[in-house]
Amino acid sequence: MIIRLNAGNKEDLPFSFIVPCNELDISSDGTLYLGDAKVEGKLVFLGEDYVTEGAITIRKSFLCDRCLKEVEKEVKIDFSEKFSREESDDSTLFTGDEIDLTEVVRDIVLAAEPISHLCKEECKGLCKICGKDLNEGECGCDRFIADPRFSILQDYRIDD
Ligand SMILES: [Zn+2]
Ligand SMILES: [Zn+2]
């Protein structure tokens, strides 16, 4: 994902890349990225530095943390990243007349990973007693636990 800078050009420069997700090396145990990532946006010249603004569109597959169902979802991640020829805290260093977006896109996708993966925000999860998917309806189990100490234990689980 290389943007070539044209020394004379001060206009915004649009870019569009299609990159196979496996080349980006972003999949982890919990999340599998599928097919191609689409990276679109524009490069804005700021005098000395550059800013890339755009969006990454990407498909991922994961198991819902609550109901354990496999989910495939397309996500769009907006980004804005500054590039500079001089080292600084708020920008990415580049040299020569090329800006390579690959590392930046990889970092943005990884940083956008949510802490919990849910099929939908209001997923009801599985019944802790019979295992039924509560999104499909009530099972009739009595899941009410009177002693709060037990309810803490009940919610305790180990994620790997
Ligand atoms: Zn779910
Ligand atoms: Zn049940």
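So here's what we get for this one:
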quantity	calculated
Qualifying residue in the range 95-109 (condition: touching a Leu at 6+ places or on another chain (Cβ under 6 Å), under 30 Å from VAL51 (Cβ atoms) and modelled with pLDDT under 90)	yes
Test: ILE56 is open to solvent by 50 Å² or more (accessible area, probe 1.4 Å), without any contact (Cβ under 8 Å) to a residue 60 or more places away in the chain and part of a strand (DSSP E or B)	no
Residue within the range 118-130 that is closer than 14 Å to CYS64 by Cβ, within 14 Å of the chain's Cα centre (by Cα) and more than 16 Å from ligand 2 (Cβ to nearest atom) present	yes
Lone qualifier among SER28, SER88, SER80 - being part of a strand (DSSP E or B) and of a type in the set (Ser, Thr, Tyr)	SER80
Qualifying positions in the range 93-117 - in contact (Cβ under 8 Å) with a residue 24 or more places away in the chain, part of a loop (DSSP other than H, G, I, E, B) and under 20 Å from THR57 (Cβ atoms)	LEU101, ALA112, GLU113, HIS117
Some residue of the range 134-156 being away from ligand 1 (no atom under 16 Å from the Cβ), modelled with pLDDT under 90, hydroxyl-bearing (Ser, Thr, Tyr) and part of a helix (DSSP H, G or I)	yes
Filtered residue count, the range 90-118, keeping only those that are in contact with a helix residue (DSSP H, G or I) (Cβ under 8 Å, 6 or more places away or on another chain) and over 16 Å from TYR33 (Cβ atoms)	1
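The values are calculated or read from the model by the stated rules, or taken from the named source; none is laboratory data. Model, not experiment: these values are computed from the prediction. Note that each Cβ is placed from the backbone with ideal geometry, even for glycine, and that neighbours are counted across all protein chains shown. Each accessible area value is taken on the protein alone, full model and side chains, heavy atoms only, with ligands, DNA and RNA left out. Shrake-Rupley method; radii C 1.70, N 1.55, O 1.52, S 1.80 Å.
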